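Heads up: the structure comes next, in structure tokens.
The values are calculated or read from the model by the stated rules, or taken from the named source; none is laboratory data. Bear in mind that the values here come from a model prediction, so they are computed numbers and not experimental data. Counting neighbours? That spans all protein chains shown, and the Cβs are built from the backbone with ideal geometry, glycine included.
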Amino acid sequence: MVLVQPQTPIRGLKQKAFENYNSPDNGKLKIEGTLWATYNGAVWAVDWGRKSGKDRVDDLCLEEGAVIKEKALKEVWKLLEPSGKA
């Protein structure tokens, strides 16, 4: 799976997720270019690239951070479904 940077600039969490997806660490972990690297980039961006004024554990496990990660997981499952729909 090769992700190409879109022509229009991406910002915020999407940019951070894209940077993590392209990290050389993914090659060391042997996940470079995989769907796992894509999902991992999204989770990393939420966990480490986002600022929240709330309690960190609550946010990442129960609140907005958890919601964003759940949405990313649903998108991964859609890609794994033969029909492309979850």
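Could you list, in sequence order, the residues of region 24-41 that are hydroxyl-bearing (Ser, Thr, Tyr) and crowded, with 16+ Cβ neighbours inside 10 Å?
Thr38, Tyr39
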Just need a number here: residues in region 44-71 that are assigned to a helix (DSSP H, G or I), closer than 25 Å to Ser23 by Cβ and of a type in the set (D, E, K, R). 7
What is the residue count in region 42-53 for residues that are loosely packed, with under 13 Cβ neighbours inside 10 Å and farther than 16 Å from Lys14 by Cβ? 1
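What number of residues within region 11-39 satisfy the criterion of being in a loop (DSSP other than H, G, I, E, B) and without any contact (Cβ under 8 Å) to a residue 24 or more places away in the chain?
Taking region 11-39 and keeping what is in a loop (DSSP other than H, G, I, E, B), we get 11, 22-23, 29-34.
This time we only want the ones that are without any contact (Cβ under 8 Å) to a residue 24 or more places away in the chain, so: 11, 22-23, 29-32.
Residues in region 11-39 being in a loop (DSSP other than H, G, I, E, B) and without any contact (Cβ under 8 Å) to a residue 24 or more places away in the chain: 7 in total.
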Index of the failed condition, Ala86 passing every other in (1) modelled with pLDDT of 90 or more; (2) exposed (fewer than 14 other Cβ atoms within 10 Å of the Cβ): (1)
